[in-house]
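The values are calculated or read from the model by the stated rules, or taken from the named source; none is laboratory data. The shown structure was predicted, so the numbers you read here are calculated from the model rather than taken from an experiment. Cβ: placed from backbone, ideal geometry, glycine included. Neighbour counts: every protein chain shown. These accessible areas exclude ligands, DNA and RNA; they are computed on the full protein's heavy atoms, side chains included. Shrake-Rupley method; radii C 1.70, N 1.55, O 1.52, S 1.80 Å.
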Amino acid sequence: MQTNFSLAQLADPAVAESEKILRKCVHCGFCTATCPTFALLGDELDSPRGRIYLIKDMLENDKPADERIVKHVDRCLSCLSCMTTCPSGVNYMHLVDHARAHIEKTYKRPFTDRMLRELLAFVLPHPGRFRLALVGAFFARPFAGAMKVLGGPFAKLGAMLDLAPAKAPVRSNAEGPAVFATAMPERKGRVALLSGCAQPVLKPSINEATIRLLQRSGYEIVLPKGEGCCGALVHHMGKEEAALENARRNVDAWTAELEGEGLEAILITASGCGTTIKDYGFMLREDPAYAEKAARVSALAKDITEFLTGVDLGEAVLRPELRVAYHSACSMQHGQKITRQPKELLKAAGFQVKDVPEGHLCCGSAGTYNILQPELARRLRDRKVANIEKTEPHLIATGNIGCMTQIGNGTGIPIVHTAELLDWVYGGPVPEGLDDLVSQAAAE
């Protein structure tokens, strides 16, 4: 794609990077075939190629964002399916991230939209605030249906209430800071585990299972002091400074461990967080105090399944022989290019793994997308659930808390994190909600 940025514009590192990305695009349109919003809406401007044209025009002409471009960029899930499809290597992720930051700086959203976004940014990245918010959501949930009928900003609040669990788990010791010693006579290695923000509130059993699995495999696990939200939630809302602040804090926390007792890896059990942490090196590339440290952190970051493929998990305690539909989160398959490892681990553990039709399409979770774009998210969820149910599984496995919440809201099939299933098979407890299923499968 030909560009016409001035030398003054290209002096801005963000603009210079976006210009390189734009020049790689050859207008081929392969991305339209795998874009979820284009599949739903059929509008070229709701495809990656269309958004690229809009972003190019905005950045090249140094224009403030307008209502038209905001509408179409907001509809983007950042699922990154287009990057998997693109034959030219266009880094759409970095381009749309830049566009969102530009929108945040130059466009004044309607008051209700601004307030909702500020509320999400204030609450979700902080476990304590999130827990308190869930208490309020419990009492407000009966009004969710009425809010959706009212439409507009009320529909978004209704969607948010629908996603809130009926009962939030109690605070877990897997939230940290803490150190968990290996259960083996000799320590094989030492790893950090991201506690995160939303996941420990909604499903602390995921990291609890991960810790048990790693302990039995000979690893010491540290939940470092000072570590918190990865920054993905605010990053995808264009709140660049808040995202970088989160990144720097985590880099400091993990660097302290690296320079202390050392780390073999930094493990993440929420694939959306993994995609962002692996991008810290890029996000902080212009920060002289953090560029090198951030690149080191990104190089050590691994999804839990990515790490476990090189670990001896020992002998399976049981062979469940359950049919598992594996839902590959977009941040896993498109963001981190991890496709085979989770399925191979589940198969080795004795599960009958089923691939989901249209597995490349997003479920509609995408961070806060299912709150900010509830109608499109619902349509994508229903499409995803229909495809999952075609495989007739006993349960669904995935590696992202957002997908678990989104899909779980649309089906009665149990949905469990991959790490919880592996922990169970290799000696841990039965994951919550699977007791009846295990009994039923044994009787078949």
Matching residues, segment 133-179, being closer than 18 Å to Ile206 by Cα, among the aliphatic types (A, V, I, L, M) and part of a helix (DSSP H, G or I): Ala174
What do you reckon, is Leu22 at pLDDT 95 or above, open to solvent by less than 40 Å² (accessible area, probe 1.4 Å) and in contact with a Lys or Arg (Cβ under 6 Å, 6 or more places away or on another chain)? yes
Limited to segment 106-132, what total is found for residues that are open to solvent by less than 40 Å² (accessible area, probe 1.4 Å) and assigned to a helix (DSSP H, G or I)? 8
Against the condition open to solvent by less than 30 Å² (accessible area, probe 1.4 Å) and more than 24 Å from Ala14 (Cα to Cα), how does Val297 come out, does it pass? no
From Lys347, Lys384, grab the single residue that is in contact with a Leu (Cβ under 8 Å, 6 or more places away or on another chain) and either of a type in the set (Phe, Trp, Tyr) or not in a loop (DSSP other than H, G, I, E, B) (or both). Lys384
Of all residues being among the basic types (Lys, Arg) and crowded, with 16+ Cβ neighbours inside 10 Å in segment 142-184, which is nearest to Pro110 (Cα to Cα)? Just the residue, please. Lys156
So, in segment 403-427, exactly how many residues are open to solvent by less than 20 Å² (accessible area, probe 1.4 Å) and small (Gly, Ala, Ser)? 1
Filter segment 203-241 down to the residues that are closer than 12 Å to Glu175 by Cβ, in a helix (DSSP H, G or I) and under 17 Å from the mean Cα position of the chain (by Cα) and list them by number. Ile206, Asn207
Can you run down the residue pairs with Cβ atoms below 6 Å, 6 or more apart or on separate chains, where the first is in segment 288-309 and part of a helix (DSSP H, G or I) and the partner is open to solvent by 50 Å² or more (accessible area, probe 1.4 Å)? Ala291/Arg285; Ser298/Lys278
